[in-house]
Structures are given as structure tokens and as C-alpha cells.
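Step one of this worksheet: look at the structure below.
Throughout, read-outs are computed from the coordinates displayed, never taken from laboratory work. Quick caveat: nothing in here was measured; it's all calculated off a predicted structure. Note: ideal-geometry Cβ built from the backbone for every residue, glycine included; neighbour counts use all protein chains shown.
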Amino acid sequence: MLVTGFSEPADNACESARIMLIDTAVYTRFWCVILMGCLLILAGCGDISFDEDRSLNTQADTLLGMTESFGSDIEILVDGKRRVLARAPRTVLREGSNVNRTDLFGPPVEITVFDSTGAVETFIISDRATYLSRQLQFEFNGNVVVETGKNRTLRTEQLLWDEISTRFSTTGFVTIISPADSITGYGFNGTQDLSSYTLRTVSGRITLD
């Protein structure tokens, strides 16, 4: 009887110990699952951070410097002579291994082009402009007006000026006004003094008295 009396509590104790072990195992497994989930989330966040860092490093490699100025003039010299004078309320210069551009924000953006003697050859006004120094090109956007010393005027919304070829071009709609007539059309390509040009399509012409 003594043995029997003590055997039941012993069995109960073993059962209690077994239940505690099971509870402990379940508890441990639960926290392992939580921990693994946290590690996966952190791993995902780490990948995003790496991509962001890599993107920032790529931008840093590409863009080495940016300078913003207000109300300043920009001069372009050729053989020591002033070729272009650019004025804008705000100017942003971006320099890097893959880019070298100057964005001019108006309105107005004013560009004066001088000939070899220093006289004004062409005057350009627009809402915005971009100078690509490696390509030696100006891109004009918004209310573009070109006036020359030969009393010729060109109006358009987008215009490209190539310094090397000294020509203007655009695929958009243009109006060309000269002392003799006024011509409208599309696909303009002409000299920077507007003395010679072609139009892909002529949509109208008015002879001026």
C-alpha cells in the first residue's frame, strides 16, 4: 500500500513534467517561428536598403556636381571671343561622367548670338532652355521666338540649335516672318540667321506688302 500510495503521485508528477516539457517545446517552437519571420523581414529590408544605396552610389558616380544660381549670365567663348550670352532668372548646372548640361529656367530665357565681329546676329527668347556643352547644342522650349539682324522672325514651341552646323531645326509647327512674307508649316531646318531654310510641309503663306 505504501508503494501504491506513492506510485500514483509519482505518475502524476511524471505526467505533469511531461506536460511541462510539451508546453516548453511548443513555446520554444512558437518563438522560433516568430524569430524566423523577423529575420526574413529584416533580410527583405536589407535588400531594399542595398538597392537604394546602390542607386545612390550610381547617381553619385554619374552626377559629380550640381550648381544652382539666380540672375546670372553665362558666356560661351570661341577663340577668345564671346559667341553666346545667356540670361535666365534661374540656372542649374549639372556635371558628371555621363552628363554636362545647363538648364535655364524662365520666363524669360534670353540667348544672344554674336558673329565673328562681335555684332548681334541672332536673339532667342523662350520659357526654358538646356545647353548640352558636349554636343554644343541648345534646346529651347515654350514660346520660342528667334529674331535676326535681317528682320526675320521665327516662332515655335520647340527648337534645337546646333552650334557646330550653326542651324536651327524642329519637327513642330513654325511661323516664319520676313519683310516679304509670312510662312507657316512643319519640319523646319535652316541657318541661324534664317536667310535660308526648308520646311517639310507648308501650311500657309501670306505675302506682305
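Enter the mean projected area of the convex hull around the alpha-carbon atoms of the stretch 134-196, in nm², rounded to one decimal.
On the way: hull surface 16.4 nm².
Answer in nm², one decimal: 4.1.
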Using only alpha carbon pairs under 8 Å that are at least six residues apart, calculate the relative contact order of the stretch 75-176 and give it in whole percent.
-> 17 percent
Could you check how many percent of all C-alpha pairs in the stretch 71-207 are farther apart than 23 Å?
-> 32 percent
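Counting other C-beta atoms within 10 Å, and keeping those with at most 14, which DSSP coil trypsin sites (Lys or Arg not before Pro) do you find in the stretch 89-183? All intermediate terms of the calculation are to be shown ahead of the outcome.
Details: sites: Arg90, Arg94, Arg101, Arg128, Arg134, Lys150, Arg152, Arg155, Arg167; in loops: Arg134, Lys150, Arg152.
Those satisfying the criteria are Arg134, Lys150.
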Between Ile164 and Asp127, what length comes free when the chain is fully extended (0.36 nm per residue of separation minus the Cα-Cα distance, one decimal in nm)?
-> 11.0 nm
